[in-house]
Amino acid sequence: MDKLRQLFDQHIAFTAPEPIGIEVSYAKGIYLYGPNGKKWIDFISGICVMNLGHGVPEVIDAIREQAERYLHTMVYGESIMAPQVLYAKALSQALGEGFEKVYFLNGGTEANEASLKAAKRFTGRKKIVACINSYHGSTHGSLSVSGNPKMKENYGPLLPEVYHIPYNDRIALEEIDQDTACIILEAIQGAGGGILADDGYLKAVRQRCDETGALMILDEIQTGFGRTGSMFAHQAYGVKPDILTLAKALGAGLPLGAWITRKEIANAITHNPILGHINTFGGGPLSAAAGLAAFKKLESGNLLEGVSNLENILIEQLQHPSITELRGKGLLYAVLFEDYEKSEQVRKTALDKGLLTIGFLNIKNGLRISPPLNITVEELRTSIEILKASM
Ligand code: PLP
């Protein structure tokens, strides 16, 4: 065993008994390169983070330029930092009315935590509705609203007054009532294995929220930034949430999260008490500069139009008797097998053959497909061939 691997085992706190454990020396485009000439296709984009692939020159230049100016000036929200302000403006403009205020944090779970607090504060209500099979993060509040009981059973007590309803079940939306502060849900259940909101479901959620005064929080941490073929998934569904949460690709590889909403909701946390939600590093200038550079590139190019073509190729080519189902949208897919053993066999074989993929938190029999959005047709075909050959 090489030295670095030994130190990894000795000193890095693991999240699982057997980490994937590949060593990456550098990464470019869709490829991760190991120290001894090994090379893997990153077929998951670092789990929906590197949507433009690795080593994007515009992102690296923006980080370098910002690093030479300043790294940190003050805690979040107090001093004016150009990358943060300009990124907030760009996001607000892209999202349109109802999203004029952006609150930056460091990642996804923080964004959800803060948005739940804002919903309680704004509505003056305590009850929260969430969906079975969801994932919203690992800190206490986000874990409370996540819909996988197994992940929670040894970590209680969690937040009270959280009610889980089946996703895509319209009748169950009656759980949202006059006491409800918010419902939090995903446009596509990512950790649940690529489960799409049915036609009209998000609209029904919107309608129920309007009837009861509850806020709709849409977690697009995984589906944001072109992953499903539109800049944000809710745009294709024709629904606007009250609060949108973003992270992952938001920082183009650096830590960044955000909740985005209208002025009245954002302002609720600024008084009684003041400083209702604070943090030191949120929207750090390096992360904001990186994210803004990537966002501009994504907005100005024609990458998004290419996603549905790539999706069609994926659906057409990824056929094999071992596959029981292929589900998802855009370039966010789950390939399902009969059981966990088959899924693991395919994952390990694919890794040996030079393709990195990973399973899902809430289902055991599937592998994730979420390559960089700028993967070429040729690269996608090669990836699919490797995956099939691993079955
Ligand atoms: N929400 C969704 C939909 C996610 O997929 C994730 C992470 O996988 C999170 C929230 C939590 O984000 P983070 O890991 O940045 O805390």
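A single member of 306, 330 is at pLDDT 95 or above, within 16 Å of the ligand (Cβ to nearest atom) and surrounded by 15 or more Cβ atoms within 10 Å (Cβ to Cβ), and it is 330. Test residue 260 against the criterion of being of a type in the set (Val, Ile, Thr) and either outside the structural domain of residue 196 (by TED's automatic domain parsing) or over 30 Å from residue 73 (Cα atoms) (or both), and give yes or no. Against the criterion (of a type in the set (Val, Ile, Thr) and either outside the structural domain of residue 196 (by TED's automatic domain parsing) or over 30 Å from residue 73 (Cα atoms) (or both)), residue 260 does not qualify.
This table checks each residue for (1) farther than 30 Å from residue 318 by Cβ; (2) among the hydroxyl-bearing types (Ser, Thr, Tyr).
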| position | (1), (2) |
| --- | --- |
| 3 | yes, no |
| 14 | yes, no |
| 26 | no, yes |
| 41 | no, no |
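Any residue at all in the stretch 199-210 that's open to solvent by 10 Å² or more (accessible area, probe 1.4 Å), within 28 Å of residue 301 (Cβ to Cβ), within 16 Å of the ligand (Cβ to nearest atom) and modelled with pLDDT of 95 or more? So far as the stretch 199-210 goes, no, none of its residues is open to solvent by 10 Å² or more (accessible area, probe 1.4 Å), within 28 Å of residue 301 (Cβ to Cβ), within 16 Å of the ligand (Cβ to nearest atom) and modelled with pLDDT of 95 or more. Whenever a residue of the stretch 168-182 is assigned to a loop (DSSP other than H, G, I, E, B), its partners that are surrounded by fewer than 19 Cβ atoms within 10 Å (Cβ to Cβ) and among the charged types (D, E, K, R), lying with C-beta atoms within less than 6 angstrom and at least six residues away or across chains, give the pairs 168/198. A count restricted to the stretch 77-103 and to residues that are part of a loop (DSSP other than H, G, I, E, B), surrounded by 12 or more Cβ atoms within 10 Å (Cβ to Cβ) and within 22 Å of the chain's Cα centre (by Cα) stands at 3.
Pairs linking a residue in the stretch 267-294 that is without any contact (Cβ under 8 Å) to a residue 60 or more places away in the chain and within 30 Å of residue 61 (Cα to Cα) to a residue that is of a type in the set (D, E, K, R) and assigned to a helix (DSSP H, G or I), with Cβ atoms under 7 Å and 6 or more positions apart or on different chains, do not occur.
Quick one: in the stretch 117-147, of everything that is open to solvent by 10 Å² or more (accessible area, probe 1.4 Å) and assigned to a helix (DSSP H, G or I), which residue is nearest to the ligand (Cβ to nearest atom)? Once the filter is applied, the top-ranked residue is 143. Here's a check for you: in the stretch 232-261, which residue that is part of a loop (DSSP other than H, G, I, E, B) and under 13 Å from the mean Cα position of the chain (by Cα) is surrounded by the most Cβ atoms within 10 Å (Cβ to Cβ)? By that ranking, first place goes to 256.
The values are calculated or read from the model by the stated rules, or taken from the named source; none is laboratory data. Owing to the predicted nature of the structure, the values given are computational and were not obtained by experimental measurement. In this analysis, Cβ positions are derived from the backbone assuming ideal geometry, glycine residues included, and neighbour counts consider all displayed protein chains. Note: areas computed on protein heavy atoms with side chains; ligands, DNA, RNA excluded. Shrake-Rupley method; radii C 1.70, N 1.55, O 1.52, S 1.80 Å.
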